[in-house]
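Structure record follows, encoded as structure tokens.
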Amino acid sequence: MIDVESKINSFFIFNSTFGPKEGEELKRILFFHPSQISADARKIQVGLCEAVVKFMSTFSSEPCEALQTQTKRYIFYQPEKNYWMVLVVRIPYATKALSSIGEKKGDMVQPSIMQNLLVTAYKMFRMFVGLFTDVPADVIYTKCQQFFTPYILSRCITNDVINVIQGINYLPLEKNSFLKIVCFIDLLEINFQDFKCIGFIYNEQLIWNGLSTDDMLTLYQYLVQSLLPKQVEKEIQGGAVTAAQRHGRFITPCDGIHTDEDIDKIIKVYLKLEDDTETKQYYLIIYRTLSATICLTVYADKTLELETLKSLDAFIGPQLYSIASTISKQCTLHALQNAQLANTENKFLYFNRINLAFKSSVPINSLSPSAAIKPEVLNIIAGIHSDRKSLGNYGEIIIKTLDEYWITGKSSNEREFYVIIQKKNANVIEIAEEVKQVCEAQMKGIFFYPM
Amino acid sequence: MVKFSLEDSDPYYLTLSEQPKRFDADSPVTNVFFDDTNGQVFTVRSGGVTGVTVNSMDESKCTSFRMEDKGPIISIKLSLDQKVLAIQRNNEGQSATVEFVNFKDLSPTNVEYSHTCKWKNSKILGFVWPKANEIAFITDHGIELLQVLPEKKQLKTLKSVSFSGAWFSWCARSNIVVLAGNNGALLQPFYFNNSTIVKLQKLELESSRPVVERDVCMVLVADVTWCAVFRHALTTIAAPGPTEIWLMPLSGSGVNYTHVLKTGLMGRFALSVVDDLIAVHHQSSQTSQLFDIMEECKVENNSVTHLPLVPAHTMRPAVVDEQPCPIWSTDSGNWVMFQPDYVIDARRGCLWRLSLAPAALAHNIQKEEIGKIVSCLLRRRGGADVVHRLLAQLVASAHLYLLQLTDAFDQINSVYSNVITCSLCVRALACGGGAGGRLRALLRRGALSDSRPLACQLLSLARLHPAATQLALDMMYRLRAREEIVEVLLSCDEAVSAVGAARQLDPAAWLGLAPRKLLAAAHAHAAQRAQPHAFVAVYHALQARNDTTRGSPHFLKGEQCESYVEYYEKVTAER
């Protein structure tokens, strides 16, 4: 059997309208990974996909989503008209003899996970670079190269909870501390009128969001999966934390903002603010003290002055330090509670589609992927999660696996709740009762549609 | 400087009672006495027969009577139970004697007697009634506490304490008397308790700056009795500084530091206590200052310094006989302040009580002072309503007063928890279009308390944002508003779940729910989606209900379900 775990076979983006004539096929390929693949091989792969997509369009107005061959699975995603993103993974296949012994298919990457990866990659691109259609044709190849190469290399597609249900981990906070943060944000926005706080994160948990939920997820993923781990590593390597670090600093650009040149290095992003109707371009300014990270935006057409940023630093630094200390105290308490959660026999997952809140009895942390949920079980959950229609606005499904796992999926009021119970010789009634108890114990104050 | 002014407020933070209690004005033939223990004004007309009129804010303590004129009166006071009248006269040779007249139904009986102090040649400085049947003679030799036995026409000495004093000050509310000794450099408090006299720790003042009688009074503020002393600057120096008021705690109160009130003024002063605030009246400027000794402050060198809470201002002008009555006008001398809040104009014959108008504290104040004022208002009896108005106004222009709002709520949080916030939030919710995200965040964090009005407001926003429905239903669930949940689910086109929720109601409520309503919702749902399953499920549930209540699955005629029965038959037949 071939080890394909978490390997991306290839990833490419094409637009057939870019080189419509014969001999211009390479122009159609905006990006191809891995880069060592020869031009001919690229043409063949892309050509196949072009053909499939085109062929399928005669049968359905919906764009083609996937293609599976004996050895490969192709997932297609058309984020903008004529722009196709394709992700290819190898399928573990074995000879008949082996499969008849009962070789599990559980390790196979879920199509929904692959789909998620494509969508996330696109959203990330859109956030940092913009729409494909807005990028001038002459620079789109280099833009894609610059953005997707490091992005794809940093991604791995594993059957992990965080890849199955893409949610945001919110930090539960006692209300006075939360109000303190809200006040701090208000003060900041009033004193620095051009600046808008779009996110407040403690460790990897979100406390405050000022973006539309979709964009928040993308920014959150960027912070938690890419920027912050690097930052934490730097802080750890740095040994003794310098006084400057303790009192906070700008972490983008990575060496901080000290000179006028640094201002030019500040990244620009396309985002839609919460309660706003359109996506606009902003400077993204990220500031960090202790474990608290705050994201600010300024309209990209404004001119940033070094003086303003310096006074911003002076303003945020001490306040954020005291807030971070307050939260830290509370987190110690939560850690204790979470330890108890993890000890509960039954595992559960919770997801709210409205604010993308995700909660789990299984520790979720990008640094330590959860191995606590068995792959088959996760596959079933992925199935329920992606097949939103079958449960409707509210509903419940109980699935039993061969090895005595009972998986209950509950959907209600835009929320999903999964409970995993391993129990021998149980019946559906017992399981339903147990799920009810877990639900009442863990989801206090949340209304599930009665049936 | 940004100023804040509470709407519909005026600057008069001190007002006199609307209607003064009128009495015969001071004149060559009348004398006016005031007893602050009972709050009674005694008007004594002399010449032949003495006519006495007693007036008080309390109608049950008003009376008038006649008595024989036995000489000029120095002091006249009724006992606490209004059953004995004590009179001290300025008669040569018997100055240590007090006369008594037994009273019945506020009229004198003919039972009269007198008692002479144990120190025969002492001078009675005055007397007080600490208890219904106890009287204390305060003399220059000491204090004698006596029990009055009206039936026996006798007085019995309970306790006496020797102290050489020149004058005294009495606080009826705490039963403490302070005697001034050593030419006003030593103040010795005594406490009447359980028919005995307790000597409290003495207060010593610099012998270079002794006090006189009019500079000392006793006040009860924040449940502590203080000896208030006006400390005027020495007149001997070239540039005398302003007067300070020292509030010295009397022992046993648990407080061991002095409050120093900085008036910044010089001249004649008087002092009142309203709603635990100290009002200092300054004669020449005709203004009053307010001091809040409960405000948060640092103790330094065993003393705490206070500045006026708000700038000095005149009292609301009183109107007497439809004429504005100037306060402490230049021809004054006729205005007298008594503890805690009595004001007497002897010439016009008016008795008022002072009261605080809390709204005026928020009139035209510095923006930065809002927090201080809120915290002060929270300690006032009529303050909550003003705080509520003030917050509503701050919220209305929150962009200007953000810091102050934080401060104000911090102050409130330290006192109450969450009483006022809810109604404010509902208002903010109703008008705040762009703040939806913030509101949702606050709700999810439980920063706003659950309440039915809030849940209903949320529901009305459901069309604008799907999260509102989710939050509203959660809130109703926490509030156990099960019947409302059924209604909401029905209006959300979720008939099956509505039936589910209805079954969780108490049995009577579920059985009493009109079937037509449920079927109508289910029918609408089915018609919209061309999917009869939900309708069939609801129909079956109701049939089962009919079966348990009436023994038959059919609907009653009065329930008007015929059209739905037809629809049911149609869809089931199709299957």
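Tabulated data for the structure shown
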read-out: Candidate set: the stretch B:115-168, residues that are outside any strand (DSSP E or B) and polar (S, T, N, Q); chosen: the one nearest to residue B:87 (Cα to Cα); value: B:133
read-out: Leading residue by the ranking (nearest to residue B:524 (Cα to Cα)) among those in the stretch B:480-497 that are outside any helix (DSSP H, G or I) and more than 10 Å from chain A (Cβ to nearest Cβ); value: B:481
read-out: Among (1) away from chain A (no Cβ under 12 Å); (2) part of a helix (DSSP H, G or I), the one test that residue B:555 misses; value: (2)
read-out: For residue B:150: the one exception among (1) over 28 Å from residue B:342 (Cα atoms); (2) exposed (fewer than 15 other Cβ atoms within 10 Å of the Cβ); value: (2)
read-out: Conditions (1) within 11 Å of residue A:12 (Cβ to Cβ); (2) loosely packed, with under 14 Cβ neighbours inside 10 Å; (3) of a type outside the set (S, T, N, Q); number of the one not met by residue A:59; value: (1)
read-out: Breaking point among (1) surrounded by fewer than 17 Cβ atoms within 10 Å (Cβ to Cβ); (2) touching a residue at least 40 places away in the same chain (Cβ under 8 Å), for residue B:115; value: (1)
read-out: Residue list for the stretch B:449-479, filter: of a type in the set (D, E, K, R), out of contact with any Leu (no Cβ under 8 Å at 6 or more places or on another chain), surrounded by fewer than 19 Cβ atoms within 10 Å (Cβ to Cβ) and within 11 Å of another protein chain (Cβ to nearest Cβ); value: B:478
read-out: Scan of the stretch A:426-451 for residues that are more than 9 Å from chain B (Cβ to nearest Cβ) and either hydroxyl-bearing (Ser, Thr, Tyr) or within 15 Å of residue B:475 (Cα to Cα) (or both), ordered by number; value: A:443
read-out: Count of the stretch A:151-190 residues which are in contact with a Ser or Thr (Cβ under 8 Å, 6 or more places away or on another chain), closer than 18 Å to residue A:352 by Cα and modelled with pLDDT of 80 or more; value: 2
read-out: Residue in the stretch B:349-359 that is in contact (Cβ under 8 Å) with a residue 12 or more places away in the chain, farther than 30 Å from residue B:32 by Cα and not in a loop (DSSP other than H, G, I, E, B) present; value: yes
read-out: In the stretch B:498-512, residue nearest to residue A:449 (Cα to Cα) [restricted to those that are more than 9 Å from chain A (Cβ to nearest Cβ) and outside any helix (DSSP H, G or I)]; value: B:505
read-out: Candidates B:472, B:435, filtered to the one that is modelled with pLDDT of 85 or more and either of a type outside the set (Lys, Arg) or in the same structural domain as residue B:572 (by TED's automatic domain parsing) (or both); value: B:472
read-out: Residue within the stretch B:528-537 that is more than 14 Å from chain A (Cβ to nearest Cβ) and part of a helix (DSSP H, G or I) present; value: yes
read-out: Residue identified as within 30 Å of residue B:390 (Cα to Cα) and surrounded by 13 or more Cβ atoms within 10 Å (Cβ to Cβ) among B:6, B:80; value: B:6
read-out: Elements of type strands (runs of 3 or more DSSP E) contained in the stretch A:266-316, each with 1 or more residues being among the small types (Gly, Ala, Ser) and surrounded by 22 or more Cβ atoms within 10 Å (Cβ to Cβ); value: A:292-299
read-out: Residues located in the stretch A:70-116, provided they are among the hydrophobic types (A, V, I, L, M, F, W, C) and either in contact with a strand residue (DSSP E or B) (Cβ under 6 Å, 6 or more places away or on another chain) or modelled with pLDDT of 90 or more (or both); value: A:75, A:76, A:84, A:85, A:86, A:87, A:88, A:89, A:91, A:109, A:114
read-out: Some residue of the stretch B:480-503 being over 26 Å from residue A:443 (Cβ atoms) and out of contact with any Pro (no Cβ under 9 Å at 6 or more places or on another chain); value: no
read-out: Any hit, the stretch B:539-559, residues being modelled with pLDDT under 85 and within 30 Å of residue A:445 (Cα to Cα); value: no
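The values are calculated or read from the model by the stated rules, or taken from the named source; none is laboratory data. All of these numbers come straight from a predicted model, not from anything done at the bench. Ideal geometry is used to build each Cβ from the backbone, glycine not excepted, and the neighbour counts take in all protein chains shown.
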